[in-house]
Each structure stands twice: as structure tokens, then as C-alpha cells.
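J.: Provided herewith is a single structure, encoded as C-alpha cells, for subsequent inquiry.
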Amino acid sequence: MSEAAPLLSVRDLRVAFHTRRGTLVALDGVSFDIAPGEILGVVGESGAGKSLTGTAVIGLLDPPGRIDGGEIWLEGRRIDTLPPAEMRRVRGRQIGAIFQDPLTSLHPLLTVGAQLEETIRTHLPLNRAEAKARAVALLREVGIPAPETRVPQYPHQFSGGMRQRVVIALALAAEPKLIIADEPTTALDVSIQAQITALLRRLCRTHGTGVMLVTHDMGVIAETADRVAVMYAGRLVELGAVDQVVRAPRHPYTAGLMASIPRMGKREDVLAQIEGSMPRLGAIPPGCAFSPRCPSASARCTVEVPVLPAGGAGAACWHPVAEPAHV
Amino acid sequence: MFEPIALTVRDAVCLFDVSPPFLDRVLSGARRRVLRAVDGVSFTVRRGRTLGVVGESGCGKSTLARMIVGLQPPTAGTLRLEDMPLADGSLVRPRVQMIFQDPYASLNPRWRVGDIVAEPIRELKLLPGEAAVQARVAQLLETVGLAAADATRFPHAFSGGQRQRISIARALATEADVLVCDEPTSALDVSVQAQILNLMRRLQAELGLTYILISHNLSVVRHMADDIAIMYLGRFVETGPAEEVFANPRHPYTRLLLETIPDVQQPNRDRQPLSGEVPSPIDPPSGCPFHPRCPQAEARCRETRPVLEMRDGREVACFVVR
């Protein structure tokens, strides 16, 4: 594979929930790539479909949700059509997952060492002693002090930040090419949050692992990601380099979102706010889903669905915010 | 311009006994264990102002909030809402209400919104007659940006931000003067957070409310608070006017906390993430509780505990930076 080839390529992904009361389209026309060693941040508000995108990529959609269209390619191999048994081998071996709550993603009745060894031996041809040594090495790599003494301990004996490190060690156990991290720092305190994002960045650089970082926190994205994908009502509305999206957002939704974050630098009397709230899945307006809340919406916006410009960077908008002169 | 004091807290202490059961203690000789959730906190809040209390999980900020509203009796010390003079010279005791973090858990799902908001009015007998109560409920819902017709709906029909508006309407229904807001926007999305923060600011200007805002989100506190208190392991380590504390943090913990938070505007500043974790309040370190994580700690920090000392309108509990 050439250097330029993406690690993960998602094309026109469509996920729908088929319920008795009709079909709800939760993701529609989502396309993006992740290069090896790259961190793609996926941001959006609750219900925008960011977690669902991650779940679809690792093949863990729960019925009645299912992939209704589009393709997911990992290292040149199509994975959305794999049979469940094969997908199980891809998961863990090639794709690792880190979830929000470190307490519920660890087995409370197994020692941390046992969980690591099980994962290692499932995916790598190592014997017990080698697996054990690797478990200790992994814990050391994610920054857990005195890993030898921690291996025989249970998850409840670890603090929140340390547990999240264990979860990261588990995700890394089989040296996956891609890690899906769904709100990995949301349940943690700010001081611990900074430690975990720094760890993710370092691991990503040293192992060349691609990371899809799903979060609602723009601050975490700005600090951690290389590129950002902004989601709204199941669609990608903006995609681009993190500096550009944060400093000069093109989509009115991204611009509104950025303006509504209280600044550390200065104190305004009134925060900019986006009126209204995100539409429910069953009631996504025709045309651009953001049009009812958009300050620059026109008649065209309520009819035609805007798409991301070819090449994948930019805003899916008929009236994008003008680029500032200095860019 | 000094407003009268609304709330005075003097040496408030809250201890929780987390000892093993009696028999275990006798059999295994385990000692009693006491968690010092709030360990001697004193402050005052003036009317119409906002005090922001910031700290990491387990620092005692929520226990402090619960003590102020009376949900948690203090082990020692006093928390006192000062009587307010009315226009005619008589004194009235102010009311305090709390806004909770989780708008999904703090509203009774089986009550209509109108009843949720009307309950305090009926209970406190603030208005005579049901018609007056209903009119007041409609007015309150409109004040917080909902429609009067929403009174007949149930909480499940509302989004998180709208539910938080209902919580605020319920608190205002008591004609409360002091609102204790415990992480009021932590469960909300940023665009909705901005709506709620704007609403809180507007209500403060219109009704002269006093806020005690508990949060771990420094940028929210920065936006809302006039004064700020940084809490660590049950104590205040730095207090002062918010502008000054943010512009020129003195205590090493405040400095590290401010450095640590991700800032959208200046990502990847040259900074040093805070190492280590908050120690257990059951077994706090000797001396200054922050010394194991403090880059400037000296020998005496391990032995004696610094107390808050006032200088230039700021209070800092630290030997090194005073």
C-alpha cells in the first residue's frame, strides 16, 4: 500500500433504524478518510450521529439499526459486508475501541492482568508468560506507575484516570491500525483529561495508529486532532484541518457552535447562541437540516441538500461563511 | 458600591463517617475513618453577585452546595442567609433554591410541568386561589423562554435545555433570592449551554438574584462569576475577584488548573499537564494537601498546612507564593 492511501475510508455511509413506526435515517451520506497516524476529531451535539458513526465502523450497530448504504474500507479491504465472525477478528486485531465510561468497559470481576492477557492471546500468537510480560509492558506504556503490582488488581482498585489508561492499554493490546475513541475524556477531571489526550497523541505518533476521536468538546478536539469532521443531524456539515475549522469555520453551524463556547480570554456580556435545537431524527427538515436555525438560510436551503465540496474539505452549505482575508 | 451580604458561611465543616461496620472494627481492629468533605470553609456572598466555586471531582464543592441549601447539615460551623431589608424597612428572610446538574433526574416524570412549577407556590402559600397560581406559572414559563401552553405537558416531551429551563422556573416560583447552581450546564450541549447561561445572566439582571455557581468548567465560571473560589480537598486554596484570579492566578493549583484546560482559541500552548491525581479526602496528605502534586513544594509544605491569607483583596493558602 502506498503512503497516501487512507487507513480508513468511509464512503456515503447511511445508517437507518427500521422500526414499526417507520424508518429513521440516523446517518446520511457520511464520507471521510483517516490516514495512518492521523487523529480525526468528530464533533457534534448529542444526537448528531457521531457515536453512531464510530459504532458503524467497528460493526457494533444494535438492531434495529443497520447500515443501509455506503461502504467502509479498512486498509483496502471492505469491512462493512464481512460476516460477523470475520468482523470479530478485525475488531480488536485491527480496530481498537475506547469508550466513555472506563468503569463499564472493564469486567469488574476479572483482574486487569487477566483482561489484558485474554485480549492479547485472542489476537496474538503468544504464550501465557509472553502475554503476561506484554500486559505489564502495555500498562507501563500508558503511564501506569509500578505496573507489576497493578496487574493482579481489579478495576475498582484503580482511579478513573488510571482505569481509562487500562482501557487504552486494552485497545492497544493487539496493536490495531485504527482506534475508535468515543468520548474518552468526558468522564474525567480536566487535569486528568489533559494527561489522557497527551497519551493518545503520543501513542498515535509512535505507533502510526489512526484515531477517530469522537467528542462533543471542541477544546479537546482543538488540542488533540489533526482534522475535524463536524456533524449535524446525521450529516457531515464541515470537514477540514483543525486550525481552519476552529479559527475560520465556513459552515454557519460550526461558526455558531464556536461562538457559543465561553472564552477564557475575555468575558462577553451575552454569549452568542444558536436559537432552537437540533431536529429529531423523525423530523429532519427537507434540504439543509440546519436551515430552520440558520441566520443565512435562503429558499434554496429548504429544498436542496448541500454536499461537501469535492475533495472532502470545506462546508456542506449553499451560503458558507466568507473566508477571512488573511487566510 | 457595596451590596448587602446575602450569605455568610463561617468555618463550615462537613465530615462523613465512612468507618467499617462496628463488628468489623472490633474483630479486625480497623480504625474509624472520616471523610473530610468540606474542611473549614468561610466566605460571604453579596446580593446580586455570582460566586463561582471551582474544583475537581471529590473536592467537596457539591457538599458545600448541599449545605447552603440545607440538604446536608454541617458538622460544624454556620451557614447563614442574611435578612434582607425591604423598601418599607422591614426585614425578610431570603429564600434559597437549588438548580441541579441532571435535568433528567430532577423533574418528576409523572407530574405535568405546570404542577412542577406550581408546587412551591402552593406549598408556601404564596398566592391565594388557583387562578392566581396558574397565571403565575404561565408568567414564569414565559420568563424562562417556554410557552404558557407547555404547562400541560410532561417533562419527557422536553429536551435537556428546556428541562433545565423548567428547573429554573421552579426555583423562581418560590421567589428565591439565592440560587445555588450545581453544574447547571454540564449535562447540556454547548449551543444549549449558551442559551441557559444567557438566561441565567438575564434573570440575574432583572430579578437581582444571587448565584452560587458550582462547576468544574472554568470557562463557564469565567463567563458567569464576579468572584471565584478555587477548592481543593475540602478547602478553598484561592479566592478573589474572578477577573484578577484568571488574569493573575497565584496559588500553584490555580495556575496549573488554568494551564490544563483545553482552550479552543489557543490549543497546544506550551504547558505542563498537572501530574498525579487528587488524593483521597479520607486520607489527605500531611501539611498542604496539594504538596504531592505541586512543582514548587518545599519542606515546610509537607509539615504545616497553610491557611488563607488576605492580600490585595485576594486570599491565597500557600507558603511559597504569598
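Values quoted throughout were computed directly from the atomic coordinates according to the rules given, and no laboratory measurement underlies them. Because the structure is a prediction, the values reported are computed rather than measured. Neighbour counts run over all protein chains shown; Cβ positions are idealised from the backbone, glycine included.
J.: Inside 10 Å of the C-beta atoms of A:182-192, what's the mean count of C-beta atoms belonging to other chains?
T.: Taking all residues of A:182-192 together, the mean is 5.
J.: Go through the range B:8-44 and name the trypsin sites (Lys or Arg not before Pro) that are in a DSSP coil and have 12 or fewer other Cβ atoms within 10 Å of their Cβ.
T.: Here the trypsin sites (Lys or Arg not before Pro) that fit, given the DSSP loop and packing criteria, are B:ARG31, B:ARG32.
J.: I would also like to ask the following. Would you mind getting me the FRET efficiency between A:SER298 and A:VAL270? Use the beta-carbon distance for r and R0 = 25 Å, nearest 0.05.
T.: 0.40
J.: Size of the range A:278-327 along its principal axes in angstrom, Cα-based, largest extent first?
T.: Sorted largest first, the three principal extents are 40, 24, 19 Å.
J.: Here's a follow-up. For peptide A:270-281, compute the average count of partner chain beta-carbon atoms within 10 Å of each residue's beta-carbon.
T.: Taking all residues of A:270-281 together, the mean is 5.
J.: Let me ask another. Take the alpha-carbon positions of the range A:200-327, form their convex hull, and give its projected area averaged over all directions (one quarter of the hull surface) in nm².
T.: 9.8
J.: Net charge around B:SER286, counting only other residues with Cβ within less than 15 Å of its Cβ (Lys, Arg = +1; Asp, Glu = -1)?
T.: +2
J.: Please list, or write none, the aspartates and glutamates whose alpha carbon is within less than 16 Å of the alpha carbon of A:LYS132, excluding same-chain residues fewer than 8 places away.
T.: Cross-link targets: A:GLU117, A:GLU118, A:GLU141, A:GLU148, A:GLU175.
J.: Checking the a/c ratio against 1.5 first, then a/b against b/c, what shape does the Cα gyration tensor give for the range B:76-129?
T.: Oblate, because a/c is 1.5 or more while a/b does not exceed b/c.
J.: Apply the a/c threshold of 1.5 to the C-alpha gyration tensor of the range B:1-113 and tell me whether it is rounded, prolate or oblate.
T.: prolate
J.: Please build a GNM for chain A, connecting alpha carbons under 10 Å apart, and tell me which residue among A:LYS177, A:LYS132, A:LYS50 fluctuates the most.
T.: A:LYS132
J.: Choose one answer from A:ILE261, A:ILE120, A:ILE180: the residue with the largest mean-square fluctuation in a GNM of chain A with alpha-carbon springs under 10 Å.
T.: Answer for the Gaussian network model of chain A: A:ILE261.
J.: Could you quote the convex hull projected area for the range B:11-73, Cα atoms only and averaged over all directions, in nm²?
T.: 5.6
J.: Shifting gears a bit: Give the Cα extents of the range A:109-175 along the principal axes, in whole Å, largest first.
T.: 31, 21, 19
J.: GNM on chain A, C-alpha springs below 10 Å: top fluctuator among A:ARG235, A:ARG128, A:ARG205?
T.: Largest GNM mean-square fluctuation: A:ARG128.
J.: May I have the convex hull volume per residue, in Å³, for the Cα set of the range A:173-247?
T.: That works out to 108 Å³ per residue.
J.: In addition: In whole angstrom, note down how far apart the Cα centers of the range A:228-283 and the range B:188-203 are.
T.: Cα centres, the range A:228-283 to the range B:188-203: 15 Å.
J.: Still on this model: Please report the spacing between the Cα centers of the range B:16-87 and the range A:149-177 in Å, no decimals.
T.: Value for the Cα centre distance between the two parts: 33 Å.
J.: Still on this structure: So what is the relative contact order for the range A:150-262, in percent, with contacts set as C-alpha pairs under 8 Å and at least six apart?
T.: 18
J.: Within 10 Å of each Cβ in peptide A:250-261, how many partner chain Cβ atoms are there on average? Round it to a whole number, please.
T.: Across the residues of A:250-261, the mean count of other-chain Cβ atoms within 10 Å is 3.
J.: With each run of n ≥ 4 DSSP H residues scored as -39500 (n - 2.57), what mean residue ellipticity at 222 nm is computed for chain A after dividing by its residue count and rounding to the nearest 500 deg cm²/dmol?
T.: Taking each H run of at least 4 residues, the total per residue is -9000 deg cm²/dmol.
J.: Follow-up. In debye, nearest 20, what is the charge dipole magnitude of the range A:80-198 about its Cα centre with +1 on Lys and Arg Cβ and -1 on Asp and Glu Cβ, if you could check?
T.: 360
J.: Cα centroids of the range A:1-73 and the range B:228-252: how far apart, whole angstrom?
T.: First find each Cα centre; the distance between them is then 44 Å.
J.: While we're looking at this one, here's another question. Using packing as a proxy for protection, rank B:169-181, B:65-77, B:292-304 so that the peptide with the highest average count of other Cβ atoms within 10 Å comes first.
T.: B:169-181, B:65-77, B:292-304
J.: Considering only DSSP beta bridges where both residues belong to chain B, give the percentage that are antiparallel (nearest 5).
T.: Antiparallel bridges: around 60 percent, rounded to the nearest 5.
J.: Further question: Over the alpha-carbon set of the protein assembly as shown, work out the extent along each principal axis and list the three values in angstrom, largest first.
T.: Extents along the principal axes: 82, 69, 56 Å.
J.: What angle, in degrees between 0 and 90 and rounded to the nearest 10, separates the Cα long axis of helix B:130-143 from the longest principal axis of the Cα atoms of chain B?
T.: Helix B:130-143 sits roughly 50 degrees off the main axis of chain B.
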